[in-house]
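A.B. asks: One structure is given below, represented as structure tokens, and several questions about it will come after.
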Amino acid sequence: MARDTTALSRRDVLKTSGAAGVAGLAGLAGCTGGGGGGDSEYPALGNYPVEGDEVVFGFNVPQSGSYSQEGADELRGYNLAKEHLNNGGGWVDSWEDLSGDGVLGKTVASVEGDTATDPDTARQSATRMINRDNAIMITGGSSSATAIAMQKLCQEEKVQFMACLTHSNDTTGPECVRYSFREMFNAYMTGQALAPVLAEEYGEDLNFYQLYADYSWGQTQQDSMNQFFTEVGGWSQIESVPTPLGTSDYSSYLSDVPRDETDVLVLNHYGLDAANSLPQAIEAGLDQDMEIVVPLYNRLMAEAAAGSIDGIFGTADWSWQLEDSASQSFTEAFRSEYDKVPSYAARLAYTQALQYAAACERAETFYPPEVIRALEGYEYDNAGLGAETMRACDHQAQRDVLVVRGLPSSDQTESRLLEVVNQTSRDQLGYGCNEGPAAECELGEYGDE
Amino acid sequence: MTDREVATDGGAVAESGEPASASGGSALSRLRERDDFVVVASAAALIVFPFLLVDVLGIVGDVIGLSIGGYTGLPSLVLIYGIIVIGFNLLLGYTGLLSFGHAAFFGSAAYSAALFSQVVPSPLLMVVVGTLVATLLAWPIGFVSIRRSGVYFAVLTLTFGQALYFYALGPGSWLTNGDNGFSNIEADGLFLGALPFDAPLTPLPFLDSYTVMYGFAAVSMLVAVWVGNRIINSPYGLIFEALGENEERVEFVGLNVFRYKLMAFVISAVFAGVGGALFVIHEQYIHPTTGLYWIQSGDFVIMTVLGGTGGLVGPVFGAFVFEYVANVVSGVSLPAIGSIGSLWRFVLGAVFVTIVWVFPRGIYGAGEDLVAMLTDRSGGEGGGDTAAADGGERE
């Protein structure tokens, strides 16, 4: 993790944005190949230009706190991406923008930080990466609150943020920023993907009851579920009840669920919360009287509640069980490196790091506004989920969403707990730029206006 | 307002500095007896602090191959927490009241300053408003909580703090933006943004860790030290100390214990309020978890105990160690072991246990003992001077 000492700090660069500074940097940029020494065309901005022969990525993930297990898998994905970017392998061999010889001729180095699943810790850690380590791009987040906190900071500092695991509508809704891009889908799309499948599976004109984790993600999640269950299936909501984030005993909330009226119980909980609420609901026998739905699955929850997920529907970002070549080659590369199958958090991390590197290659510079423009409206089909578009108006990837179902205990293996029921096409999902969460999104400045 | 206080403060620095150096050969202890010594020493430490933390440690880190250097922004953050724990220590160290709800004052000041910035984008007024809100909030909370003592007092303050936290996270999110965090803060610099906070204070390139924000925080810190110093050296402050030692005796003397305790509580909330407002100016962001959650209150306690409750500025050293471990050590990768990452809490815990075990009077107390030992041994002026310098810049 040792990095080269750049005598010139970011603050210096800001100050010497004049002709002298740029001329001096042209010499450095010249030998990096790129496309005709393109780097000298732009003024200093954020941590641009990149000094020396290394470019630093900041991997800011939860290493402690309730999402730490997910953070560890994200870090595996990031480090695999770094390895492939520098030495080839995995998707780097198949993505035509990438060479396997660093990015724009520079070796990719990285710094790591712990967000502790806490927004302010995440910001401090990102600040350190930006100010001290001159990171050109920050990526990470395993809770929407930390992702939003980091992307706001990155917008101010004019450093790119590649959002990893964040599912709240707000990330690319009211809290969206120009400097952040999201590959993951959101709560709104979960509602769109889940509602038709459930309407077909369970029938129409049903009554549903919701519990939701009372924070950014939970609020938008229950809102979207209500909207689409009502619209698509003609279901009606009995009540939606907030539960504090981090609750360990849900029995009082669960005992309030009216067993006679309720047909479907939606548990808008994630990670440890769901690992608590779902088994408790099963234990209380609620699955005898009604169907239970967990809108967003993750591996932690599936593992912790393995005995309770039989037949429970939800959505997931991606699964290593997908059979397309991109998914398979990533799974293979990940497995040979770490001796286990990747979770979707790892795919998101891997994709986002490569996506940024590829955008720099297309833009032929690290200059942030140009990299952003290279990502906006970019169409790709090499990230394991078929055709995707990184939409320009809200920086939300328009992509397929997987509807998954928990397997019965007898069919489960250590790495296979869920089955993919349906890969809902992106044509049936999403929303226009002036509707849904995107309607409230104002991206802000590129920084070169 | 702050500027004016600074001017007087600056004067105090100059006045007290000269006789101290003029007396030269006089014993260190006499210098240390002086009321203003702590202010002068603080000023000296504040001048070198960012250079040591960011540049010197950065160079050391490059030499030994570990990224242990600080970053621009960390010195200001340490000072902001330092201001808060100075006030917290007036309550814990002097008056002997353990509050577990000081995040309430920190957070409410931060939020009100942030909201106020949308009306008037003036950092100075933000500090005034934040402090005012914290003070007004401390009155009723103190009034209710101080009727109980010990663990009941701690739990009562904790309850009020948590109530505010859950309000800010859920029902109050129309005001606070809830879990998405509040980031629409309209104060980017002093003098209507003419002097941006992240601009360097001097044109000298090697001093680029000295930002305008640092200057602002450092001046606030000096004011806080000066005010704190005046309080503990006043008759009023003596009563706080007496309360910490033996409450019953104070009562028998005929003093109104409740009133003094309430006053100590409110004063410490004022410091937390100043810190909260400065925090939001510095970070341009505030989230319920940062501002109001009980862990933040707990952090104040840890910083204070770590630094040492015996002296006025002791807790500042605790704030430094805490923030350094949380924000720098957490990003260090050791050659054989790998990334410290989440283990930073263990590191902090180990530091805490070691300090409390080996130096019950905290880092500052340990430093004081060291200085005393050195002066006793050498006895001479030379030894005293270096020891003073050591004490000032230890960390």
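A.B. asks: Inside the stretch A:334-354, can you point out the residues that are open to solvent by less than 20 Å² (accessible area, probe 1.4 Å) and within 14 Å of A:LYS82 (Cβ to Cβ)?
C.D. replies: Across the stretch A:334-354, the qualifying residues are A:PHE334, A:ALA346, A:ALA349, A:TYR350, A:THR351, A:GLN352, A:ALA353, A:LEU354.
A.B. asks: Now, a different point. Looking at this structure, is A:ALA135 away from chain B (no Cβ under 14 Å) and either under 24 Å from A:VAL403 (Cβ atoms) or modelled with pLDDT of 90 or more (or both)?
C.D. replies: For A:ALA135, the condition - away from chain B (no Cβ under 14 Å) and either under 24 Å from A:VAL403 (Cβ atoms) or modelled with pLDDT of 90 or more (or both) - is not met.
A.B. asks: Which of the residues that make up the stretch B:166-182 are buried (at least 22 other Cβ atoms within 10 Å of the Cβ), on the phi < 0 side of the Ramachandran plot and in contact with a Leu (Cβ under 9 Å, 6 or more places away or on another chain)?
C.D. replies: B:ALA168, B:LEU169, B:THR176, B:ASP179, B:PHE182
A.B. asks: Yes or no: the stretch A:88-99 includes at least one residue that is open to solvent by less than 10 Å² (accessible area, probe 1.4 Å), on the phi < 0 side of the Ramachandran plot and of a type in the set (A, V, I, L, M).
C.D. replies: Yes, some residue in the stretch A:88-99 is open to solvent by less than 10 Å² (accessible area, probe 1.4 Å), on the phi < 0 side of the Ramachandran plot and of a type in the set (A, V, I, L, M).
A.B. asks: So which helices (runs of 4 or more DSSP H) are wholly in the stretch A:255-321 and hold at least 3 residues that are among the β-branched types (Val, Ile, Thr) and touching a His at 6+ places or on another chain (Cβ under 9 Å)?
C.D. replies: So the answer is none; nothing clears 3.
A.B. asks: For the list (1) surrounded by 24 or more Cβ atoms within 10 Å (Cβ to Cβ); (2) in contact with an Asp or Glu (Cβ under 6 Å, 6 or more places away or on another chain), I need the number of the one condition that A:TYR202 fails.
C.D. replies: All conditions are met except number (1).
A.B. asks: Of all residues in the stretch A:279-310, how many are in contact (Cβ under 8 Å) with a residue 60 or more places away in the chain and open to solvent by 30 Å² or more (accessible area, probe 1.4 Å)?
C.D. replies: Qualifying residue count, the stretch A:279-310: 6.
A.B. asks: I've got another one for you. Which condition number in (1) in a loop (DSSP other than H, G, I, E, B); (2) out of contact with any strand residue (DSSP E or B) (no Cβ under 7 Å at 6 or more places or on another chain) is the one that A:LYS152 fails?
C.D. replies: Going through the list (1) in a loop (DSSP other than H, G, I, E, B); (2) out of contact with any strand residue (DSSP E or B) (no Cβ under 7 Å at 6 or more places or on another chain), A:LYS152 breaks only (1).
A.B. asks: Right, B:GLY365: open to solvent by less than 20 Å² (accessible area, probe 1.4 Å), more than 9 Å from chain A (Cβ to nearest Cβ) and in contact with a helix residue (DSSP H, G or I) (Cβ under 8 Å, 6 or more places away or on another chain) or not?
C.D. replies: yes
A.B. asks: Also, quick follow-up: A:ALA44: aliphatic (A, V, I, L, M), under 21 Å from the mean Cα position of the chain (by Cα) and modelled with pLDDT of 90 or more, yes or no?
C.D. replies: Spelling it out, it is not the case that A:ALA44 is aliphatic (A, V, I, L, M), under 21 Å from the mean Cα position of the chain (by Cα) and modelled with pLDDT of 90 or more.
A.B. asks: To continue, here is another question. Against the definition (closer than 30 Å to A:GLY46 by Cα, at pLDDT below 90, surrounded by 15 or more Cβ atoms within 10 Å (Cβ to Cβ) and more than 14 Å from every other protein chain (Cβ to nearest Cβ)), how does B:LEU201 come out, yes or no?
C.D. replies: Judged against the criteria, B:LEU201 is not a match.
A.B. asks: With (1) without any contact (Cβ under 8 Å) to a residue 24 or more places away in the chain; (2) more than 8 Å from chain B (Cβ to nearest Cβ) as the list, and A:GLN124 as the residue in question, which single condition is left unmet?
C.D. replies: Exception for A:GLN124: condition (2).
A.B. asks: I would also like to ask the following. When the residues of the stretch A:63-118 are narrowed to those that are part of a helix (DSSP H, G or I) and of a type in the set (S, T, N, Q), which ends up farthest from the other protein chains (Cβ to nearest Cβ)?
C.D. replies: A:ASN87
A.B. asks: If you take the residues of the stretch B:70-90 that are part of a helix (DSSP H, G or I) and small (Gly, Ala, Ser), which of them is farthest from the other protein chains (Cβ to nearest Cβ)?
C.D. replies: My answer is B:GLY87.
A.B. asks: Just checking, how many residues over the stretch A:335-393 are within 21 Å of A:GLU74 (Cβ to Cβ), touching an Asp or Glu at 6+ places or on another chain (Cβ under 6 Å), touching a residue at least 40 places away in the same chain (Cβ under 8 Å) and of a type in the set (Ser, Thr, Tyr)?
C.D. replies: 3
A.B. asks: For the condition more than 16 Å from A:PRO369 (Cα to Cα) and more than 11 Å from chain B (Cβ to nearest Cβ), what is the one hit in A:ALA149, A:ALA163, A:ALA145?
C.D. replies: A:ALA163
A.B. asks: Continuing with the same structure: Anything in the stretch A:215-246 that is assigned to a helix (DSSP H, G or I), surrounded by 18 or more Cβ atoms within 10 Å (Cβ to Cβ) and of a type in the set (S, T, N, Q)? List them, or say none.
C.D. replies: Of everything in the stretch A:215-246, those that are assigned to a helix (DSSP H, G or I), surrounded by 18 or more Cβ atoms within 10 Å (Cβ to Cβ) and of a type in the set (S, T, N, Q) turn out to be A:SER216, A:GLN219, A:THR220, A:GLN221, A:GLN222, A:SER224, A:ASN226.
A.B. asks: Name every residue in the stretch B:276-318 that is more than 14 Å from every other protein chain (Cβ to nearest Cβ), of a type in the set (A, V, I, L, M, F, W, C) and within 26 Å of B:VAL129 (Cβ to Cβ), in order of residue number.
C.D. replies: Within the stretch B:276-318, B:ALA277, B:LEU278, B:PHE300, B:MET303, B:VAL316 meet the criteria.
A.B. asks: Output yes when any residue across the stretch B:143-153 is touching a residue at least 12 places away in the same chain (Cβ under 8 Å) and within 14 Å of chain A (Cβ to nearest Cβ), and no when none is.
C.D. replies: No; the residues of the stretch B:143-153 include none that is touching a residue at least 12 places away in the same chain (Cβ under 8 Å) and within 14 Å of chain A (Cβ to nearest Cβ).
A.B. asks: Here is a further query. Go through the stretch B:58-100 and report how many residues are open to solvent by less than 30 Å² (accessible area, probe 1.4 Å) and of a type in the set (Val, Ile, Thr).
C.D. replies: Of the residues in that region, 8 qualify.
A.B. asks: Next up: Open to solvent by less than 10 Å² (accessible area, probe 1.4 Å), within 12 Å of chain B (Cβ to nearest Cβ) and either charged (D, E, K, R) or more than 17 Å from the chain's Cα centre (by Cα) (or both) - does that describe any residue in the stretch A:207-214?
C.D. replies: So far as the stretch A:207-214 goes, yes, one or more of its residues are open to solvent by less than 10 Å² (accessible area, probe 1.4 Å), within 12 Å of chain B (Cβ to nearest Cβ) and either charged (D, E, K, R) or more than 17 Å from the chain's Cα centre (by Cα) (or both).
The values are calculated or read from the model by the stated rules, or taken from the named source; none is laboratory data. Only a predicted model underlies this, so the values are computations on that prediction, with no experimental measurement involved. When we count neighbours, we look across all protein chains shown, and the Cβ atoms used for this are built from the backbone with ideal geometry, even at glycine. The protein model used for the area step is the full one, side chains on, heavy atoms only, and it has no ligands, DNA or RNA in it. Shrake-Rupley method; radii C 1.70, N 1.55, O 1.52, S 1.80 Å.
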